[in-house]
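Working notes for the structure below.
The values are calculated or read from the model by the stated rules, or taken from the named source; none is laboratory data. Quick caveat: nothing in here was measured; it's all calculated off a predicted structure. All Cβ positions, glycine included, derive from the backbone under ideal geometry; neighbour counts span all protein chains shown. These area figures cover heavy atoms from the full protein model, side chains too; ligands, DNA and RNA do not enter into them. Shrake-Rupley method; radii C 1.70, N 1.55, O 1.52, S 1.80 Å.
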Amino acid sequence: DAIPSADQIRITTSLKSQRGSVWTKNKSIFEYWEVEVTFRVTGRGRIGADGLAIWFTEEQGLEGPVFGAADKWNGVGIFFDSFDNDGKKNNPGVIVVGNNGKLLYDHQNDGSTQALASCQRDFRNKPYPVRVKITYYQKTLTVLINNGFTPDKEDYEFCAKVEDMVLPSQGYFAVSAATGGLADDHDVLSFLTFQLTEPGKETPTPDAEIPQKDKEKYQEEFEHFQQELDKKKEEFQKEHPDVQGQPGKTTCAFFLSADDVFETVSDRELRQIFEGQNRIHLEIKQLNRQLDMILDEQRRYVSAVTDEIAKRGTGFPGQQGQVSQQEIETVVKTQEEVIRQVNEIRNSMADTLRLISGAQHPGSAAGVYETTQHFNDIKEHLHVVKRDIEHLVQRNMPSSEKLKCPDLPPFPSCLSTMHFFIFVVAQMVLFIGYIMYR
């Protein structure tokens, strides 16, 4: 059911029980490789189905029950599953499943019993195309994803990693998709394949050009396909004459074009909401990076203080050496506690970042409640971060009994808590106002 066009391929349309796939004609002979796939999954419902899959298999797949492709494949499939079959509320998600040609995919449990790695990401109805980078290098498969909230094409986040994974030395790449009782449009905008070479090794010379005989064969196939497509268009126009442009309908067509050109009020509100969420997302990522810097600074400080006190301890015999050892243990324990608490703050910030990434556009009253709950969770996590930081400051206040720690270099000022809360409240008001307006 795949439909090609000049700038994308619609693997399945938003109709029930559709299956589609696109496979490479020739095998890839790369030992190590990387693919970058850009796609959109869009639908009118709050829940979509079934999902999209990216394949690397030893043989070309046929139509089948696994996201539009055949079961019992030899290779790996990366599944973007949008429907929750097992009722565990862990969809949409990304699942990596390997197969040796004998395994039957476990649909009822969404492949959770067979997953080598997975992550929970919402890839439906995003303002920008979703980008996925899949790397296979030295028997390690890594999946990175750009969640479609930002136009930055390189803003990838870690999703999954599988080590000691043996894949066929040669195989076919593919994309497939399927719909069920619910349906989404699954559009693939690009599929780029790269060969990876180990450092120090010579880059393989590119193969010679395609022989003229093969060129003519491919050109003939393309022309045949183009003729078939033109015939189908003509048949469709004969069967649906009301769709064709007729006199008296020019004005209607003009207004449709104007709607496509000019942004509506609801589209503008949606764009502003997504831009606001993207700003929150970037601010929290900046906070996370600063916490990483604090953690690295604390580790360097522990190492420096331990070395310094150890040197002092070697210079004094007897009782003085014992006191120095006690000072070492006290300082090291204190700094380990600091590092532990900073790690807890990082985990809390990561949870907050996950909540921001998972915030969906509401389509009903239930969506409003769900979004409000997201922001309540974000507030709670921010309170935890604030409390931990205050506890950390109080615990490490300089006193006459403790060693004087060198001052950390000043960090650039970030978004204040008050401004952040004002922004969150404004977001909630926009959400509720939009729903009331609809």
Task: Answer from Q60, Q114 - the residue that is assigned to a loop (DSSP other than H, G, I, E, B), out of contact with any Gly (no Cβ under 6 Å at 6 or more places or on another chain) and touching a residue at least 40 places away in the same chain (Cβ under 8 Å) - done: Q60
Task: Residue under evaluation V41, criteria (1) in contact (Cβ under 8 Å) with a residue 60 or more places away in the chain; (2) in a loop (DSSP other than H, G, I, E, B); (3) under 28 Å from E154 (Cα atoms), criterion not met - done: (2)
Open item on the list: Given (1) part of a loop (DSSP other than H, G, I, E, B); (2) open to solvent by 30 Å² or more (accessible area, probe 1.4 Å); (3) of a type outside the set (S, T, Y), identify the lone condition not met by L167.
Closed with: (2)
TODO: Can you tell me which residue within region 12-36, out of those that are over 26 Å from K89 (Cα atoms) and either aliphatic (A, V, I, L, M) or buried (at least 20 other Cβ atoms within 10 Å of the Cβ) (or both), is modelled with the lowest pLDDT?
DONE: I29
Task: region 1-29 residues that are at negative phi, paired with ones that are open to solvent by 50 Å² or more (accessible area, probe 1.4 Å) and among the polar types (S, T, N, Q) (beta carbon under 8 Å, 6 or more apart) - done: W23/Q60; K27/Q170; S28/Q170; S28/T193; I29/S169; I29/Q170
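Condition check ((1) within 30 Å of R271 (Cβ to Cβ); (2) assigned to a strand (DSSP E or B); (3) in contact with a helix residue (DSSP H, G or I) (Cβ under 6 Å, 6 or more places away or on another chain); (4) at pLDDT below 90) across all residues:
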| position | (1), (2), (3), (4) |
| --- | --- |
| T142 | no, yes, no, no |
| E154 | yes, no, no, yes |
| F158 | yes, yes, no, no |
| A174 | no, yes, no, no |
| L189 | yes, yes, no, no |
- [ ] Please name all residue pairs, on different chains or six or more residues apart, with Cβ atoms under 9 Å, provided the first residue is in region 79-101 and is on the phi < 0 side of the Ramachandran plot and surrounded by fewer than 17 Cβ atoms within 10 Å (Cβ to Cβ) and the second residue is at pLDDT below 85 and among the polar types (S, T, N, Q).
- [x] D84/N90
